[in-house]
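The values are calculated or read from the model by the stated rules, or taken from the named source; none is laboratory data. Since the structure is predicted, the reported quantities are computational estimates derived from the model, not experimental observations. No Cβ is skipped: glycine too gets one built from the backbone with ideal geometry, and neighbour counts run over all protein chains shown.
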Amino acid sequence: MIIAETHRLILRTLNESDLDALMSVWGDQEVMRYSGGAGTREREENALKFYITLYKENGYSPYAVIEKKNQGFLGVCGFNPPSENGEIELVYHFAKKHWGMGYATEAAEACIDYAKNHFLTDKIAAFIDPENIGSENVLKKLGFEYKGAKFHQGSQKIEPYFVLTL
């Protein structure tokens, strides 16, 4: 199901046939170096099933990001479940060959608009590895504010913590 469209992108819900495409992102050590490292096929298959269920039950998840021009899979962008503070977390991962083209910002803007219109949330959180300058730049472009360092359950580390108030 398509959840958003931009000038260049289509964002749609994930489905089980996306596993091979997801492995080109979540299974790539360089792409995932700031997010806990590359996953095995089994781990990412379980993650995919989790996200499909998350969307069915809650109306959000990470979404497949598809380029309109050639229908190619670029990566994922969307939301993880709320943290202990109740804030959904913005996440985005793109295949390396698509870095630096503005896709993360464009897809994240579409996700933020979707959240405003569907989630009834007033804040979106984001965590980044302190060495991930590219991701920090995306968050700043989107209007996220740095709120300090905070423990992130996913990475099990203290990381820079950003918030966007809707």
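Within the range 128-166, if we keep just the residues that are closer than 22 Å to residue 64 by Cα, in contact with a Ser or Thr (Cβ under 7 Å, 6 or more places away or on another chain) and not basic (Lys, Arg), the residue that is modelled with the lowest pLDDT turns out to be 128.
Scanning the range 99-127 for residues that are crowded, with 18+ Cβ neighbours inside 10 Å, more than 15 Å from residue 61 (Cα to Cα) and at pLDDT below 95 returns a single hit, 127. Just wondering, is there one or more residues in the range 144-154 that are surrounded by 19 or more Cβ atoms within 10 Å (Cβ to Cβ) and among the hydrophobic types (A, V, I, L, M, F, W, C)? Yes, there is a match, as at least one residue in the range 144-154 is surrounded by 19 or more Cβ atoms within 10 Å (Cβ to Cβ) and among the hydrophobic types (A, V, I, L, M, F, W, C). Contact map, the range 131-142: residues that are under 11 Å from residue 105 (Cα atoms) and part of a helix (DSSP H, G or I) paired with residues that are at pLDDT 95 or above and of a type in the set (Phe, Trp, Tyr), Cβ distance under 7 Å, separation 6+ or inter-chain. Pairs shown: 139/162. Scan the range 155-166 for residues that are surrounded by 12 or more Cβ atoms within 10 Å (Cβ to Cβ) and without any contact (Cβ under 8 Å) to a residue 40 or more places away in the chain and the total you get is 6.
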